[in-house]
1. Output the residue which, of all residues in segment 122-147 that are under 20 Å from GLN30 (Cβ atoms) and surrounded by fewer than 22 Cβ atoms within 10 Å (Cβ to Cβ), is modelled with the lowest pLDDT.
2. Across segment 226-237, what is the total count of residues that are surrounded by 24 or more Cβ atoms within 10 Å (Cβ to Cβ) and without any contact (Cβ under 8 Å) to a residue 60 or more places away in the chain?
3. Here is a check on your reading of the model: is ASN179 surrounded by fewer than 21 Cβ atoms within 10 Å (Cβ to Cβ) and modelled with pLDDT under 95?
4. Pairs needed: first member in segment 50-70, touching a residue at least 40 places away in the same chain (Cβ under 8 Å); second member anywhere, of a type in the set (A, V, I, L, M, F, W, C) and part of a helix (DSSP H, G or I); C-beta distance under 7 Å; at least 6 residues apart or different chains.
5. Provide a single number: the residues in segment 118-176 that are over 30 Å from PHE195 (Cα atoms), out of contact with any helix residue (DSSP H, G or I) (no Cβ under 9 Å at 6 or more places or on another chain) and among the acidic types (Asp, Glu).
6. Which of (1) under 30 Å from PHE147 (Cβ atoms); (2) modelled with pLDDT under 95; (3) not β-branched (Val, Ile, Thr) is the odd one out, the single condition GLU240 does not satisfy?
7. Taking the residues in segment 239-287 that are in a strand (DSSP E or B) and within 17 Å of the chain's Cα centre (by Cα) as candidates, determine which candidate is farthest from LEU70 (Cα to Cα).
8. Hey, does segment 99-113 have a residue that's touching a strand residue (DSSP E or B) at 6+ places or on another chain (Cβ under 6 Å), more than 23 Å from PRO208 (Cα to Cα), of a type outside the set (A, V, I, L, M) and modelled with pLDDT of 95 or more?
Amino acid sequence: MTKNKYNNSTNFNRFNLGELEITIMSDGYQIMKPAHPIFGPTTKPEIIKELLQQNFRQTEQVNLSINIMLIKKQNQLILIDSGLGSEESTAGYLQQSLIFAGFKSTDITDIIITHCHLDHIAGLVNQKKDLAFPNATIYLAETEYDFWTSSKPDFSKSFLQNNPALISKMVSKINDLLNIIKPKLKLTKQDAVLFECIRLISAPGHTPGHTLLDIFSHDEKILHIADLIHSDVLLFTHPEWGFLFDTDFDLAITTRKNMLEILEKSKVLIFAYHLPWPGLGHVSCDHSAFKWIPKVYDTPFDQY
């Protein structure tokens, strides 16, 4: 990889992957409070608190970075997810970050949605509920679309089943957004290859159509792991602790464990939507426990 430039004042990190130019931008962050039971709902809260303390983190809440990838391939600009939009005051900075990185919303030609949670699709519209990226075709897994637009999405395997009011509100908001973007929407099959540089990988559990992206050019690659992992501190060491918002809690644990094994063995560079900025790193294994090894930079402007 070459030409990495990280400018902390402008919210972006840029590098080349083969013939692709990749820009990482920030949409801000999302507050998960309380930390328990959002993380490790079947685990004792004091255990969650202790591990957070050991890693010098806040114990009452976990802040999730919202890192967004933009891929430039010749005349195409491919955005992966759209951030939280105006849903929370700590997020919604993607449009500003795009400008700082040298782009406009009208430049975006394509958007791939990894799944339909609001922190990934709310940024598709502006506060007036108009399309935020009017020239973009939007790609979404067919299984994901079918789940959220069904007459009664199945949350029987989720801890959310205990909060029907939250489910109703979430499903309603997601369907409102899907209706707005429908004229621009193209549904995809899992394992499809888009633009000859992105392979879609099914990773169900967090949602039924949750999708990871294998991004490649020549002999270089990076894997976008979407919402496979929500915490570098909690869910690498204990992938079995799980995440409250997983649609199928047990399946998400199985998927998380299986993918971590693959990532550790492959040593592939990873991009994570919710891990600390800029979400780039690798998975290692230490005494049978997985670890997140973030990519380090020698200077703010270092190169690969």
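The values are calculated or read from the model by the stated rules, or taken from the named source; none is laboratory data. Keep in mind the model is a prediction, meaning the values are calculated, not measured. Neighbour counts run over all protein chains shown; Cβ positions are idealised from the backbone, glycine included.
1. Top of the filtered list is GLN127.
2. 1
3. No, not satisfied.
4. LEU52/ALA35; VAL62/ALA35; ILE68/LEU94
5. Looking only at that region, the number is 0.
6. For GLU240, the failing item is (2).
7. For segment 239-287, the residue satisfying everything is PHE243.
8. Scanning segment 99-113, I find at least one residue that is touching a strand residue (DSSP E or B) at 6+ places or on another chain (Cβ under 6 Å), more than 23 Å from PRO208 (Cα to Cα), of a type outside the set (A, V, I, L, M) and modelled with pLDDT of 95 or more, so the answer is yes.
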